[in-house]
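The values are calculated or read from the model by the stated rules, or taken from the named source; none is laboratory data. Since this is a predicted model, take the numbers as computed values, not measurements. As a convention, Cβ positions derive from the backbone with ideal geometry for all residues, glycine included, and neighbour counts pool all protein chains shown. Surface accessibility is based on the protein's heavy atoms, side chains included, excluding ligands, DNA and RNA. Shrake-Rupley method; radii C 1.70, N 1.55, O 1.52, S 1.80 Å.
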Amino acid sequence: MGTRKKGLEFAKHISEIIAKATGFERHLEKVKILDGGDGICKAEFTVAPEHINKAGGLHGGYTATLVDMITTYALMSKPCHPGVSVDINVSYLKTARVGDEVLIEANLVRAGKMLAFIDCQLRHKKDNSVIAKGTHTKYVNFQ
């Protein structure tokens with residue numbers, strides 16, 4: 001469920017969720033949650049060999065997973081059900097290689113009675129260039 005935690009308290013809360021995960025969320029074990037609250041989640045990670053495709057670039061599936069999960073954490077920073085995905089879209093603009101540091105930021109655009117809309121960007125830490133942009137729509141009307 002949602003939380004009203006902010007800043008470092010939010011980062012610690014989400015990091016604990018990832019650390020205790022036994023399912024798919026474990027793929028985020030190398031992602032560091034930096035900050036969040038009020039519909040925002042900021043994170044970073046260093047691209048490792050397990051994150052790349054056969055061409056040596058950041059794998060599109062892993063990028064989509066990051067968009068999915070970090071946008072969900074942004075939504076969870078509001079008093080709102082984490083929802084279920086209705087639509088997720090990722091545009092790939094640039095690659096990242098092993099050793100590159102990547103910043104991720106997700107922002108809740110709107111949370112209505114039925115749907116929530118969240119945007120996300122992955123950027124190179126070294127020059128702030130955009131690696132990927134994502135949008136995520138979630139159904140949140142659970143009682």
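Here are some conditions: (1) at pLDDT below 95; (2) within 22 Å of GLY56 (Cβ to Cβ). ALA111 meets all but one. Which one does it not meet?
Unmet for ALA111, out of (1) at pLDDT below 95; (2) within 22 Å of GLY56 (Cβ to Cβ): (2).
What are the residues in the range 109-143 that are under 15 Å from VAL84 (Cβ atoms) and either of a type in the set (Asp, Glu) or not in a loop (DSSP other than H, G, I, E, B) (or both), if any?
Across the range 109-143, the qualifying residues are ALA111, LEU115, ALA116, PHE117, ILE118, HIS136, THR137, LYS138, TYR139.
With respect to GLY36, determine if the residue is open to solvent by less than 50 Å² (accessible area, probe 1.4 Å) and in a loop (DSSP other than H, G, I, E, B).
no
Consider the range 33-64. How many of its residues are under 17 Å from HIS124 (Cβ atoms) and at pLDDT 95 or above?
Step one: of the range 33-64, the residues under 17 Å from HIS124 (Cβ atoms) are 34, 42-48, 51-52, 56-60, 62-63.
Now restrict to residues that are at pLDDT 95 or above: 42-48, 51-52, 56-60, 62-63.
Adding up the residues that qualify gives 16.
Could you tell me how many of the residues in the range 5-26 are of a type outside the set (A, V, I, L, M, F, W, C) and either open to solvent by 100 Å² or more (accessible area, probe 1.4 Å) or without any contact (Cβ under 8 Å) to a residue 12 or more places away in the chain (or both)?
Adding up the residues that qualify gives 9.
Return the total of residues in the range 75-88 being surrounded by 14 or more Cβ atoms within 10 Å (Cβ to Cβ) and not in a strand (DSSP E or B).
8
Look at VAL31 and say whether it is of a type in the set (A, V, I, L, M), free of Cβ contacts under 8 Å to residues at least 40 places away in the same chain and either open to solvent by 40 Å² or more (accessible area, probe 1.4 Å) or touching a Phe, Trp or Tyr at 6+ places or on another chain (Cβ under 9 Å) (or both).
Taking the combined requirement at face value, the residue does not satisfy it.
Under 6 Å between Cβ atoms, which residue pairs at least 6 apart in sequence (or on different chains) link something in the range 63-77 that is without any contact (Cβ under 8 Å) to a residue 40 or more places away in the chain with a partner that is buried (at least 24 other Cβ atoms within 10 Å of the Cβ) and assigned to a helix (DSSP H, G or I)?
Taking only residues 6 or more apart or on different chains, not a single pair turns up.
Name the single residue, out of those in the range 89-108 being open to solvent by less than 60 Å² (accessible area, probe 1.4 Å) and assigned to a strand (DSSP E or B), that is nearest to THR71 (Cα to Cα).
ALA106
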